[in-house]
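*Asks:* Pasting a structure here, questions to come.
The values are calculated or read from the model by the stated rules, or taken from the named source; none is laboratory data. Because the structure is predicted, anything quoted here is derived from the model rather than measured. Positions of Cβ are generated from backbone atoms using ideal geometry, with glycine treated the same way; all protein chains shown enter the neighbour counts. Surface accessibility is based on the protein's heavy atoms, side chains included, excluding ligands, DNA and RNA. Shrake-Rupley method; radii C 1.70, N 1.55, O 1.52, S 1.80 Å.
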Amino acid sequence: MSWLKHAVRNPIGAKVLMAITGIMLTGFLVAHISGNLLIFVGPQAINAYAEGLRQFPAVLWAARAGLLVAFVTHIYFAAYVTMGNRAARPQPYAFSNTVQATLASRSMVLTGMVMLAFIIFHLAHFTWRITDSEISAMGEFDVYQMVIRGFRQPMVAGSYVIAMVAIGLHLSHGIASVFQTLGLNHPRYNRAVRFAGPAIGVGIALLFASIPLSIYLGLVK
Amino acid sequence: MKLKLHVWRQKNKAAQGRMVTYDADNISPNMSFLEMLDVVNEGLITTGEDPIAFAHDCREGICGSCGVMVNGVAHGPQDATTTCQLHMRSFQDGEELYIEPWRAKGFPVLRDLVVDRSAFDRIIQAGGFVSVNTGSAQDANATPIRKSDADEAFNAAACIGCGACVAACKNASAMLFVSAKVGQLSLLPQGQPERQERALNMVSAMHEEGFGNCTNQYECEAVCPKQISTDYIARLNREFIKATLTYPDAKK
Ligand code: HEM
Ligand code: FES
């Protein structure tokens, strides 16, 4: 075990674990949005999909367990890396300046914390259903009605959209960063990575945000 | 030219420092930045004040000792240029300049703008060398090296160890420096026997000296006077991952 500790508690090992768990979490987001988009197809489609997931409890719980491990690992090493970085510059510059670091790259800790807060709220909202008495009271399981009811409220729809801004920023730096951290760097594909990373990140965020927005605006009823 | 300077003044390592404002008059645009400081210092000496301490040696961009922050940018505003090679024509008449030492836990301030960069020496001692027996010189080209490898090793070897990468990094990380040294030697045949322990030991040494972690923001390559690319950091990550997974001594 001391070998393992040595391998991950250092500047590169910690980042490698964050990269691997980051890919896993992004994979979850892709799967999640693919399912969620069924809301645009109609009540039957999304309810059948939600019902379908429930047919395979073992798979569902294995996926949840994997996600939880990835999530906790990602956050643990994020804290480790951030504390090391804060300690590495005890005295800040009187005149601080930035030459080329992007806004997304400089706000990873902030967007990460917004995502964490959002995910807790989101689970309470739609998975445990404890934030909204009307949703809690819905006897029969109807994902479509639950989501519609949730996003008709401006505060709820608005906070989802704000969280999606955080996710878009986080991923637009994160996806390209994974390649650099894992050493996947070559002139043949560097440009593609630096373009596609932000494009995929923003794309995922826009697709997610489209659901609360179109329900709030009454495009989906 | 006339300038207003805000300069970090600190008596010694233990003392509390602060920014002090000076007027710099009669500055020629053809002076180098260090010559400008020399002129200011002459003025300070005639009025009986302590001159501003700054490190310098070659004044031709090769020794790496002269780095300071100018308005929050390591080595000042001109690309691919050390502070000693920066000229006052890069600034406007009447401009205000904030001049500060490198800021990092690994680079403690010794006096004014001078920092202790011996942490870099200790990182080099941890693995930035090749162990070969001395003897008469080998014939040139006796050891074949692929042209692209030789070029890449040469680009990494351009690093002068000035510390601008650390100073510019939001996390005060020394990854660009370490990656240049590891990259250079890992590309050459002479560096092969110690390749894995070099990557492991130099990264550990960097960590122990209190430098931060790379978050792929690439501020370092933007200020590097020798334009070392962050591609070397990806190469270092690769070297480190491979060494961690395959190094024969499992303890390391
Ligand atoms: C606005 C877009 C989103 C919608 C409409 C949405 C919808 C839902 C719904 C309805 C559930 C409950 C599924 C069920 O109980 O059967 C759920 C679960 C979940 N969502 Fe979202 N979600 C959105 C965005 C996100 C984002 C961005 C994340 C970020 C990581 C996320 C993370 C999760 C997690 C972790 C679960 C629990 C999965 C599980 O059941 O174990 N969601 N989502
Ligand atoms: S004094 Fe040698 S590099 Fe500037």
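*Asks:* In a Debye calculation with equal point scatterers on the alpha-carbon sites of chain B and no solvent, what is log10 I(q)/I(0) at q = 0.13, 0.14 Å⁻¹?
*Replies:* Debye curve over Cα of chain B, log10 I(q)/I(0) at q = 0.13, 0.14 Å⁻¹: -0.84, -0.94.
*Asks:* List, in the order given, every pair from B:K105/B:K242; B:K181/B:K242; B:K170/B:K226; B:K11/B:K181; B:K2/B:K105 whose Cα-Cα distance in the structure shown is over 27 Å.
*Replies:* B:K105/B:K242; B:K11/B:K181; B:K2/B:K105
*Asks:* Can I ask one more? Could you tell me the extents of the stretch B:3-110's C-alpha atoms along the three principal axes, largest first, rounded to whole Å?
*Replies:* Per principal axis, max minus min of the Cα coordinates gives 37, 33, 23 Å.
*Asks:* Most fluctuating residue of A:A157, A:A176, A:A58 in a GNM of chain A with Cα springs under 10 Å: which is it?
*Replies:* Highest fluctuation of the listed residues: A:A58.
*Asks:* Follow-up question, since we're still on this one. Just from the alpha-carbon atoms, what are the Rg and Dmax of the stretch B:156-244 in angstroms?
*Replies:* For the stretch B:156-244, the Cα-based Rg and Dmax read 12.1, 35 Å.
*Asks:* OK, next. Where in chain A are the DSSP H helices whose C-alpha atoms run 30 Å or more along the long axis and whose mean Kyte hydropathy is at least -0.5?
*Replies:* Correct list, ordered by number: A:11-36, A:57-88, A:154-181, A:190-216.
*Asks:* Within chain B, what's the longest run with no GluC sites (Glu not before Pro) in a DSSP loop and at most 15 other beta-carbon atoms within 10 Å? Give the range, please.
*Replies:* The reported range is B:96-252.
*Asks:* Taking chain A as a Gaussian network, Cα atoms linked when under 10 Å apart, which of A:I211, A:I148, A:I120 shows the biggest mean-square fluctuation?
*Replies:* The residue with the greatest mean-square fluctuation here is A:I120.
*Asks:* Still on this structure: Roughly how many whole Å is it from the C-alpha centroid of the stretch B:3-79 to that of the stretch A:5-54?
*Replies:* Their Cα centres are 52 Å away from one another.
*Asks:* Working from the alpha-carbon coordinates of the stretch A:2-216, get Rg over Rh, Rh being the Kirkwood radius.
*Replies:* 1.01
*Asks:* Also, I was wondering about something else. Sort B:R18, A:R188, A:R106 from largest to smallest accessible area, using a 1.4 Å probe on the heavy atoms of the protein chains.
*Replies:* Largest to smallest exposure gives the sequence A:R188, B:R18, A:R106.
*Asks:* Right, another one. Sticking to Cα atoms, compute the Rg of the stretch A:22-139 to one decimal and its Dmax as the biggest Cα-Cα distance, whole number, in Å.
*Replies:* Reported Rg and Dmax, both Å: 19.5, 60.
*Asks:* What figure in square angstrom, to the nearest 10, would you give for the accessible area of A:F71 with a 1.4 Å probe?
*Replies:* 50
*Asks:* Compute the Rg/Rh shape ratio of the protein assembly as shown: radius of gyration over Kirkwood radius, all on alpha-carbon atoms.
*Replies:* 1.07
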